[in-house]
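**Q** Below are the structure tokens for one structure; questions will follow.
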Amino acid sequence: MVRYRRPVRTIVRVTDRVQETPSTVTLRFPYAPPALPGQFVMVWFPGDDELPMSLSYTDGPSKGITVKVMGETSRHVQSVAPGTQVGIRGPYGNRFDLSPRRILVVAGGSGAAVLAPAAEAARARGAEVTVALGATRASELLFRDRFRAMGARVEVATDDGSEGHAGFVTTVAESELARGEFEAVWTCGPEVMMRKVIAAAEPLGVPVHCSMERHMKCAIGMCDACALGPFHVCTDGPVFPAERLKGVPDFGRFHRDSSGRRVPF
């Protein structure tokens, strides 16, 4: 497990803003501290809250976050323009193991944001990467062209059938697992989806790593907001092997709201 041990906290100016889908934007900014695929930063928008954001671009001095509108603060991101100052601290957390040579990436919705840089890093090391990419509709498919540009084979699923398989991306993942000999599965998206991915891969003996998304307030394991059974997602994750998650009753069944209350999905 590799972490960047001395997180930085600073103010940066947004250099670029890209509308990726109708509900998702990417913000790029100069940020020199090294980051690894799978890690996250805490992002503060002046006058608003601080949010945990997976890094969707990790290489070089220019980093990036890709944000889907989920609530009031993330909706604020839609109005952020180049030149806007934002606070960044991090990076935090662990990363994906890049050693497997044949990888199946299963991305649900905005989960593609954390998986894209990991897939790029694996491809740069010569790995074969297949991507099962899911969204509610064709216009919401995140980083489809980016995955293809890196040389990954991309299979698409949309809930409404507007592109690719009509239905859930887990069906595509199951088909790929049945026909391929993968050394690893990386997945990020709704927890119910990731539970199904684990269930499909387990009988085949394919290890699964899940990137978890939970409420985070401190990112250093102090506030308990991101508690997941005996783990804190911010310090023990956000990337977890399936073996650690299977014994956690909350996984895929309960989450915690902004007040810390345990509520069902």
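**Q** Would you point out the residue of region 72-105, among those that are over 26 Å from Val131 (Cα atoms) and hydroxyl-bearing (Ser, Thr, Tyr), that is nearest to the chain's Cα centre (by Cα)?
**A** The selected residue is Ser74.
**Q** Still on this structure: Can you name the residue in region 191-208 that is touching a strand residue (DSSP E or B) at 6+ places or on another chain (Cβ under 6 Å) and buried (at least 19 other Cβ atoms within 10 Å of the Cβ) and, of all such residues, is farthest from Arg101 (Cα to Cα)?
**A** Residue satisfying both the conditions and the ranking: Met193.
**Q** Any chance region 171-189 includes a residue that's surrounded by 21 or more Cβ atoms within 10 Å (Cβ to Cβ) and either without any contact (Cβ under 8 Å) to a residue 40 or more places away in the chain or outside the structural domain of Arg144 (by TED's automatic domain parsing) (or both)?
**A** No, there is no match, as no residue in region 171-189 is surrounded by 21 or more Cβ atoms within 10 Å (Cβ to Cβ) and either without any contact (Cβ under 8 Å) to a residue 40 or more places away in the chain or outside the structural domain of Arg144 (by TED's automatic domain parsing) (or both).
**Q** Where residues in region 49-93 are surrounded by fewer than 18 Cβ atoms within 10 Å (Cβ to Cβ) and aliphatic (A, V, I, L, M), which of them is nearest to Gly221 (Cα to Cα)?
**A** Checking each candidate, the answer is Met70.
**Q** Any chance region 159-169 includes a residue that's within 27 Å of Lys63 (Cα to Cα), free of Cβ contacts under 8 Å to residues at least 40 places away in the same chain and surrounded by fewer than 20 Cβ atoms within 10 Å (Cβ to Cβ)?
**A** No - not one qualifying residue is present in region 159-169.
**Q** Pairs under 9 Å by beta carbon, first residue outside any helix (DSSP H, G or I) in region 194-206, partner surrounded by 14 or more Cβ atoms within 10 Å (Cβ to Cβ), six or more apart or different chains?
**A** Within 9 Å, the pairs are Val206/Leu104; Val206/Leu177; Val206/Phe182; Val206/Glu183; Val206/Ala184; Val206/Val185; Val206/Ala200.
**Q** Okay, moving on. I'm trying to understand the selection: among the residues of region 130-160, which are touching a strand residue (DSSP E or B) at 6+ places or on another chain (Cβ under 8 Å) and of a type in the set (Gly, Ala, Ser)?
**A** Ala132, Gly134, Ala135, Ala138, Ser139, Gly151, Ala152, Ala157, listed by residue number.
**Q** Then there is this: What do you reckon, is Ser23 at pLDDT 95 or above, touching a helix residue (DSSP H, G or I) at 6+ places or on another chain (Cβ under 9 Å) and not assigned by TED's automatic domain parsing to the domain that holds Cys226?
**A** So Ser23 fails the test.
**Q** Looking only at region 180-196, decide whether some residue is farther than 17 Å from Ser110 by Cα, among the aliphatic types (A, V, I, L, M) and touching an Asp or Glu at 6+ places or on another chain (Cβ under 7 Å).
**A** Among the residues of region 180-196, not one is farther than 17 Å from Ser110 by Cα, among the aliphatic types (A, V, I, L, M) and touching an Asp or Glu at 6+ places or on another chain (Cβ under 7 Å), which makes the answer no.
**Q** Working carefully through the options Pro30, Pro34, Pro46, find the one that is out of contact with any Asp or Glu (no Cβ under 7 Å at 6 or more places or on another chain), within 16 Å of Gly83 (Cβ to Cβ), surrounded by fewer than 17 Cβ atoms within 10 Å (Cβ to Cβ) and modelled with pLDDT under 95.
**A** Pro46
**Q** Just checking, how many residues over region 37-82 are hydrophobic (A, V, I, L, M, F, W, C) and in a helix (DSSP H, G or I)?
**A** 1
**Q** Would you mind stating whether Ala132 is part of a strand (DSSP E or B), farther than 24 Å from Met222 by Cα and in the same structural domain as Gly180 (by TED's automatic domain parsing)?
**A** For Ala132, the condition - part of a strand (DSSP E or B), farther than 24 Å from Met222 by Cα and in the same structural domain as Gly180 (by TED's automatic domain parsing) - is met.
**Q** Could I ask something else about it? Test each condition in (1) among the charged types (D, E, K, R); (2) assigned to a helix (DSSP H, G or I); (3) farther than 20 Å from Val105 by Cβ for Asp250 and report the one that comes out false.
**A** (2)
**Q** Looking at Met216, is it closer than 14 Å to Gly134 by Cα, in contact (Cβ under 8 Å) with a residue 24 or more places away in the chain and assigned by TED's automatic domain parsing to the domain that holds Thr130?
**A** In short, no.
**Q** Now for a different question. Anything in region 15-27 that is buried (at least 17 other Cβ atoms within 10 Å of the Cβ) and among the aliphatic types (A, V, I, L, M)? List them, or say none.
**A** Selection gives Val25, Leu27.
The values are calculated or read from the model by the stated rules, or taken from the named source; none is laboratory data. From a predicted model like this one, the values you see are computed outputs, not experimental measurements. Note that we place each Cβ from the backbone using ideal geometry, even for glycine, and neighbour counts take in every protein chain shown.
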